[in-house]
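Values in this text are rule-based calculations from the coordinates and carry no lab data. Since the model is a prediction, treat every value here as computed from it, not as a measurement. Every residue, glycine among them, receives a Cβ derived from its backbone with ideal geometry; neighbour counts consider all protein chains shown.
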Amino acid sequence: MNDDVLLSVQHLSMYFGKGPYAKKAVDDVSFDIHKGEVFGLVGESGCGKTTTGRTIIRLYNATGGNVYFKGQRIVAGDLEYRKEIKDLQEKLKGASAEEAEKYKSRIAELRTEIKKARHDQKHADKKLVTKIQMIYQDPVASLDPRMTVREIIAEGLKIQGIKDKAYIDEQVYKMLDTVGLVREHAQRYPHEFSGGQRQRIGVARSVIMNPEVIIADEPISALDVSIRAQVINLLNDLRNSMGLTILFIAHDLSVVKYFSDRIGVMYFGKMVEMASSDELFLNPLHPYTRSLLSAIPQPDPEYEKGRTRISYNPLVDHDYSTDKPSFREIKKGHFVHCNQAEFDRYLKILK
Amino acid sequence: MEKKLEVKDLRISFKTSNGKVQAVRGIDFDLYKGETLAIVGESGSGKSVTSRAIMGILAGNAIVESGKILYGDKDLLKISEEDFHHLRGDKIAMVFQDPLSSLNPIMRVGAQLIEAMLLKNKAARKESARNMKRMFESLETLMDKAGCEGSKADLEKFKHFELKHCELHSQYTNAYASAQEAAALSAHLALAVSKNAVKNLSQDIAQLIRACKESVSHFVVRDKSEKLNNLIEVLKTNTGAYQKKDQQGIDSLVKALKDIAAIENEALGFTAPNNFTLGYYLSYVKDEIPNLPVKELNELTHRTVETDFMNAFMAKLQKAVDYSCRQTNEARTRTSALLKEKAKSLTRDMDEKIVRAMFKDLKEQVLTCLDPLEVDKDSLTHTFGSSVDYALDLYYNGEKRNRAEQRRFAREDAKHSRIIARGKVPEWEVIPASYIDLDLAFGEITGTMTEMAAHFDAQVGGNRNANFAARTERIVDYLKDSAQQSVFKLSKGSAREKAIKLMESVGIDEPRRRYRQYPFEFSGGMRQRIVIAIALTADPDVLICDEPTTALDVTIQAQILELINNLKKERNLSVIFITHDLGVVANMADRIAVMYAGKIVEYGTADEVFYSPAHPYTWALLSSVPDLDTKEKLESIPGTPPNMIYPPKGDAFAPRNKYALEIDFEEQPPMFKITDTHYAATWLLHPDAPKMEMPAVVTERINRMKQKGGAR
């Protein structure tokens, strides 16, 4: 399995602000995305799904953790190192000469690590990073109203330094064709398109860079019902024809279930459960996942009459006073954020 | 079941610089009491326009071309803005899509909750005073005309002790409300103080002391006022102990609070006095309350009023009622005949000036048919003038506008073809001429007249065997009510108590603390709850929810839906629920109307629409959303909704419909009846149509759902 890991997110943290008041938008999140799969990220609004996506694509400077893309580090934070240095400096104060020597050498080591991380964060391989592209939530806000569709789609290529106009045109037309628009549309401005067509432009803009990974940040939540199906089908076709790998961020669980191979559930910056999509919907273990699944309305009046919502209150549902929780694998490919007591209980449920 | 709201053949267009957008094109539906009607469709299908028309908040460029929205006997499209003030928010309330933009960011939530209550109260005061004055004046003249003696003196007497009644009543209700507040607050504080969970004790204690003092009155806290005063002293001396954590002081504080709660609760159980009869007694018999138990006192005062004054007064009133009824009946018969005659003689080519002059007389005639002693406003007669004016303006201005439009179109078209003739391709397109339908407008004029005549005939028929004694009693009740409303001043304190109760009922924890917060301190779901609470302040019977959960995520959406469902059950609300999420619809709706391009294309109960959908558009909607078991490719709806400036000739959905028949492009399908409650507008249901199967995705899903249902 390890060979085809395309994007590996390890202990990623993104804090806004400093010190004890920092807003921990993403806190120690780890997951791997394999080549050709769709990884769904769900959770309520404000749980850090979008921040995770944006940190991976280096729109933010990560606070801690690493992201490896094709084995190369493209995002690097220094939170762990800084924490360890702080601990060591505390220890130094009351340490004997021998120990102090050891600690000091370790601190020096860590300092070089931090330097390396900062270097990697700053000088990541630009060519490599362009292989990850993003589709944004709101097609109205993410397309420049003063640029024609041709300019919007070709902008990425121009930034890459391509000056051959004929080549750019050819590429743009090819992309328009791929996403189901026609050549004539290249002359027009975004406001002349309907919602679904606009989102297609957004897709074309990211696909023209020939990416391997697409981060789709709620690409359908701003769209109308009938258009959602168009965009999902388009992404599905692209995935099959171009072998795309997609990180799909959404809060509509029915769509995520339909579209994704594996799903990660986030709650307040933490990943609480991760499994293949069938497994997650069949055996939801974490109480938050259960509450989330019980809240999905279905287009079936009979089912709706019988549905009861499970509420989730972290203060009641968990007792983490003695044993701190961690992210554990409970079954092959099924991870849950829990402590030992809960782990045993979940194992029993699975059996 | 009782119909709450009826929408009949509603057509609404918007004037824009590109032409006339026909947003709603003839829809009919009913809303029954205590049910939820869901309106589903893509954006731009006219869902929100319909709901806004019901609320009377259409944008300024909207034209209501025809139709009726009946609420009770009132046509919401015709009544005046002033009359609408009594309905909007009071009877029909709305929850908007985005809670953040429908709350005022710089006002505390509590202030927003009580704002409407206080304003409504102020308006009601003014209006009742006006109504009472009008009623007294017409009563006086009518009683004189009917030949009663001493009517003026009697009315003066009635007015005088009625005011006394109001004074007594407001004293009593204020004291009672204060006792309620004091009881609730003292119980709450007793618990909070013993658990050490009060932030600002001195403020709360001050509020409690005020409420306690106000609750002391003859009929509420009577004998124990002495004891209450002592307890208040205990509170005052021991408030400081709470801060100092002096256990002894806290104990006595808690004990005093509990005692106060006991006293106030006991006071709340006392029998209420009959303030009306007592008012008479105090004004004309004795000027102090006799020392009797309340029950006996009520009987005594009641007897006195009946024998002394009321029986004779009622007889006189009845005479006046009888007289005025005869008078108006005559006028009504006369006007009805006149209306019918004029409606017949009216032709389309008559000169505008003559017609206008004729209607000016007619309007005056109609107004004489109003019974001066009416208690319920006869809105049809009142709005006759305005609806006739509206129809006349529409017709005559329409005529002029159509001519102008014709000229403009001819001019532009000629220019356009000139350019083409020169061999160039013009950069602009000719905006097609949009004509106002003059047949419809003229029909509106005659329709209003015949409707009015029929209404008068019915009234005359109804008056023949009317119960005049009951009518007289209603007038007295009306006078009492208006007198009370004209002096009833809702204090901020009691409005606050009411608001806090509402906040509790919509599921907000710690409403007392939350009351003083700003909207930004609330989460999305809590904010939407506040919006719902504001909509409920006036106790409406119809609640319109315009995509209330679209901006929220699943868990909060589920909470809000549960809340609306519970409230619906508790208050027997009728709900119009607008959404495009079919899952939500399945959860909420009793009946569903599917809208497309300004028309209702399918209409039925939730089970019928989900388990046996008939219209291709409903199929398309159902097959374009995945559910948790969907594996196959989704069937998206190709294309976009039609441009409503040029509505298509046939079925509007035909160009996007793979099941479209040839006739779909030529003629609009009528509503075909499938069952008594299930209708759909598609030619596929015509007996001659070829048999079409619905898409495999939908059939499979329905089978799956049926299996699941069977298993349960």
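Take the Cα of B:Lys569, step 7 Å along the line toward its Cβ, and report every residue of segment A:290-313 whose backbone nitrogen sits under 15 Å from that point.
Within reach of a label on B:Lys569, which here means backbone N under 15 Å from a point 7 Å along Cα→Cβ, segment A:290-313 contributes A:304-309.
Quick one: check the C-alpha center-to-center distance for segment B:504-541 versus segment A:119-133, whole angstrom.
Value for the Cα centre distance between the two parts: 48 Å.
Assuming R0 = 60 Å, can you tell me the calculated FRET efficiency for the pair A:Glu113 and B:Lys489, based on Cβ-Cβ distance, to the nearest 0.05? All intermediate terms of the calculation are to be shown ahead of the outcome.
Values: r = 73 Å, r/R0 = 1.22.
In this case the efficiency is close to 0.25.
With a cut-off of at most 15 other beta carbons within 10 Å, and DSSP calling the residue loop, which GluC sites (Glu not before Pro) in segment B:618-712 qualify? Please list them.
Details: sites: B:Glu632, B:Glu635, B:Glu662, B:Glu666, B:Glu667, B:Glu693, B:Glu700; in loops: B:Glu632, B:Glu635, B:Glu666, B:Glu667, B:Glu693.
Passing sites in segment B:618-712 are B:Glu632, B:Glu666, B:Glu667, B:Glu693.
Give me the one-decimal nm value for the distance between modelled label points at B:Thr450 and A:Tyr21, 7 Å along each residue's Cα-to-Cβ direction.
Each label point is offset 7 Å from its Cα along the Cβ direction, giving 7.4 nm.
Decide, for the protein assembly as shown, between rounded, prolate and oblate: order the square roots of the alpha carbon gyration tensor eigenvalues as a ≥ b ≥ c, take rounded if a/c falls under 1.5, and otherwise choose prolate if a/b is larger than b/c, else oblate.
Note, shape of the protein assembly as shown comes out oblate.
Using Cα pairs under 8 angstrom and six or more residues apart, how large is the relative contact order of chain B, in percent? Don't skip to the end; give the middle numbers.
Numbers: 945 pairs, mean separation 169.4, N = 712.
Relative contact order comes out at 24 percent.
Grab the Cα-Cα distance for B:Glu667 and B:Glu700, subtract it from 0.36 nm times how many residues apart they are, and report the gain in nm with one decimal. Show your work: numbers first, answer last.
Details: separation 33, 0.36 × 33 = 11.88 nm, distance 3.18 nm.
So the extension gain works out to 8.7 nm.
With N residues in segment B:325-467, what two-decimal value do you get for its Cα radius of gyration over 2.2 N^0.38 Å? Write down the numbers at each step before the final one.
On the way: Rg = 22.5 Å, N = 143, 2.2 N^0.38 = 14.5 Å.
After normalising by residue count via 2.2 N^0.38 Å, the value is 1.55.
I'd like the antiparallel share, as a percent to the nearest 5, of DSSP beta bridges with both residues in the protein assembly as shown.
Numbers: 61 of 98 bridges.
Approximately 60 percent, going by the DSSP bridge assignments.
So what J values fall out for segment A:323-329 if you push phi through Karplus, 6.51 cos²θ - 1.76 cosθ + 1.60 with θ = phi - 60°, rounded to Hz, Gly and Pro as x?
10, 6, x, 8, 8, 10, 8
What distance in nm separates the simple spin-label points at B:His416 and A:Asp278, each placed 7 Å from Cα in the Cβ direction?
Here the answer is 5.8 nm between the modelled labels.
Let's test the formula: R0 of 60 Å, r as the Cβ-Cβ distance of B:Leu346 and B:Thr550. What FRET efficiency results, to the nearest 0.05? Intermediate values should be presented prior to the final figure.
Values: r = 49 Å, r/R0 = 0.81.
Result of the calculation: an efficiency of 0.80.
Find how much the distance from B:Glu693 to B:Met1 grows on full extension, using 0.36 nm per residue of separation minus their present alpha carbon separation; answer in nm with one decimal. Could you put the intermediate results ahead of the total?
Working: separation 692, 0.36 × 692 = 249.12 nm, distance 3.50 nm.
Taking 0.36 nm per residue and subtracting the Cα distance, the gain is 245.6 nm.
Ranked from highest to lowest mean number of other Cβ atoms within 10 Å per residue, what is the order of the peptides B:53-62, B:573-582, B:444-453? Could the numbers behind the result be given before it?
Numbers: B:53-62: 15.5, B:573-582: 23.4, B:444-453: 19.1.
So the peptides B:53-62, B:573-582, B:444-453, ranked by packing, come out B:573-582, B:444-453, B:53-62.
How far is it, in nm, from the label point at A:Glu99 to the one at B:Gln248 when both lie 7 Å from their Cα along the line to the Cβ?
5.4
Take the alpha carbon gyration tensor of segment B:591-711, find the square roots of its eigenvalues, order them as a ≥ b ≥ c, and report rounded if a/c is under 1.5; if not, report prolate when a/b exceeds b/c, else oblate.
Here segment B:591-711 falls in the prolate category.
Looking only at A:His318, A:His286, A:His334, which one moves most when chain A is put into a Gaussian network model with springs between Cα atoms under 10 Å?
Residue with maximal mean-square fluctuation among A:His318, A:His286, A:His334: A:His318.
So what is the 222 nm mean residue ellipticity for chain A from helices alone, if each DSSP H run of at least 4 adds -39500 (n - 2.57) and you divide by all residues, rounding to the nearest 500 deg cm²/dmol?
Taking each H run of at least 4 residues, the total per residue is -13000 deg cm²/dmol.
Relative contact order of segment B:325-467, please, whole-number percent, based on alpha carbon pairs below 8 angstrom and at least 6 residues apart. Numbers along the way, then the final one.
On the way: 97 pairs, mean separation 58.4, N = 143.
Computed value for segment B:325-467: 41 percent relative contact order.
Show me B:394-403, B:554-563 ranked by packing, highest mean number of other Cβ atoms within 10 Å first.
Listed from highest to lowest mean packing, they are B:554-563, B:394-403.
Where in segment A:276-296 does the label zone of A:Arg328 land, with the point 7 angstrom along Cα→C-beta and an amide N cut-off under 14 Å?
A:286
Where is the GNM fluctuation largest for chain A (alpha-carbon springs, 10 angstrom cutoff): A:Glu37, A:Glu151, A:Glu113?
For chain A, modelled as a Gaussian network with Cα springs under 10 Å, the answer is A:Glu113.
Can you pull the mean other chain C-beta count within 10 Å for peptide A:216-228? Each step should come with its number before you reach the end.
On the way: counts 0, 0, 0, 0, 0, 3, 0, 1, 10, 14, 17, 6, 6.
Per residue, the number of nearby Cβ atoms from other chains is 4 on average.
If a/c stays under 1.5 just call it rounded; otherwise compare a/b with b/c (prolate if a/b is bigger, oblate if not). Do that for segment A:5-53, with a ≥ b ≥ c from the square roots of the Cα gyration tensor eigenvalues.
Since a/c reaches 1.5 but b/c is at least a/b, the shape of segment A:5-53 is classed as oblate.
Assuming R0 = 35 Å, can you tell me the calculated FRET efficiency for the pair A:Asp177 and A:Ala141, based on Cβ-Cβ distance, to the nearest 0.05? Before the final figure, lay out the partial values.
Numbers: r = 26 Å, r/R0 = 0.74.
Computed FRET efficiency for A:Asp177 and A:Ala141: 0.85.
For every helix of n ≥ 4 consecutive DSSP H residues, a contribution of -39,500 (n - 2.57) applies; sum these over chain B, divide by its total residues, and give [θ] at 222 nm rounded to the nearest 500 deg cm²/dmol. Provide the component values of the computation, followed by the final result.
Working: 24 runs with 404 residues, N = 712.
One gets -19000 deg cm²/dmol as the mean residue ellipticity at 222 nm.
How high is the relative contact order of segment B:591-711, in percent, with contacts defined as C-alpha pairs under 8 Å that are six or more residues apart?
Details: 153 pairs, mean separation 30.8, N = 121.
Over segment B:591-711, the number comes to 25 percent.
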